[in-house]
1. Compute the label zone of residue 202 within the range 214-251: residues whose backbone N is under 15 Å from the point 7 Å along Cα-to-Cβ.
2. Starting from the Cα-Cα distance between residue 246 and residue 283, subtract it from 0.36 nm times their residue separation and give me the gain in nm to one decimal.
3. Ranked highest first by average number of other Cβ atoms within 10 Å, how do 116-125, 262-271 line up?
4. Given labels modelled 7 Å from the Cα in the Cβ direction, how far is it in nm from residue 230 to residue 161?
5. On a 32 Å Cα-Cα criterion, which of the cross-link pairs 63/279; 130/258; 130/270; 104/258; 141/275 come out too long?
6. With a 10 Å radius around each residue's Cβ, average the other Cβ atoms per peptide and rank 242-251, 210-219, highest first.
7. So, R0 is 22 Å and r is the distance between the beta-carbons of residue 128 and residue 102; what FRET efficiency does that work out to, to 0.05?
Amino acid sequence: MKRISLLVATLALFAAMIPALSSCTKQEKVAAEEPLYVSVPFEDKGFSAVQLETAEAESLDSKFLDFPAADQKVLPKSGFSAKGLINNFNTVYPTLAEMWNHGKINDVVYTVNTVDDGAADTRGTGVANKLLITMYYKFLKSSGTGGLDCITHELTHVTQENYNTGYGGEDTDDNGSWIVEGMTDYSRYVFGQYPGDFALPAYSKSQSYTDSYRVTARFFVWIEENICPTFAEQMNEALRTERYTSQFFNQITGYGLKELWAMYDADDGKITDYKTGQKTSASIVRSAEYKFNIELPE
């Protein structure tokens, strides 16, 4: 089994290319609140001399993340911090890109919506290979560190930018909208930075595979553990190359989609709790490194 690296060599190369922060004269006292966490591309975006002087330059975010000063300034009031978000970006995004997008890293813009309700969403910017992740202040305000993995979910969407599934339509078997969100919460469960704050729900007879998100993610973990250990990789490639229909389940696993769900239902949705080593129908929190069995393409 090939393990996923964090692209250490790539990050080291990025770090070697980053120029030193501008020399700044300290003109004011450091603010009592947490200083903004900035890196080289943000130098011309309105930061004070003292903020630049105390900033820590990073590698991946310096090259691929645009995090405007105005949005960073909102975060210390909300329980989140720009430093936490940038650390999450640098820690998780390289693995997500390698797992879901053959290592391709797209440019990302972070912004904070202080008006509307929501958690977070991802959309295009109109610029090729550049996507916008919007975080909603009301959600951030009520979230602890585990909320950062909501952004892990959104960064997975960034790596899915070429998926073509009829996304956004009715959740029928052949419409991939439910499968995209199931894959994305599967990704959060496997690769999330704060696994103790994210649970796959307990199995219930009232559930359906088209419920999407965490319910579907649990179904995919069950398929991976019981039927096809390379399920996630193969489904990702099917979605990426526009080959997905509900019939693809049969091609991947040897069973039709409805047949797989009937098997899952008969097994009461039991998946492994890595804390106990036992199979359970109960809610699951990933308490240790996830034991996935995926061979990445060369």
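1. Inside the label zone: nothing.
2. 10.6 nm
3. Output ranking for 116-125, 262-271: 262-271, 116-125.
4. For the pair residue 230/residue 161, the computed spacing is 2.8 nm.
5. As for pairs spanning more than 32 Å Cα to Cα, those are 63/279; 130/258; 130/270; 104/258.
6. Numbers: 242-251: 15.8, 210-219: 21.3.
Per-residue mean Cβ counts within 10 Å order the peptides as 210-219, 242-251.
7. 0.85
Every number here is computed from the coordinates shown, using simple stated rules; none is lab data. Predicted model, so just to flag it, every value in this text is computed and none were measured. Reconstructed Cβ throughout: ideal geometry from the backbone, glycine too, with neighbour counts over all protein chains shown.
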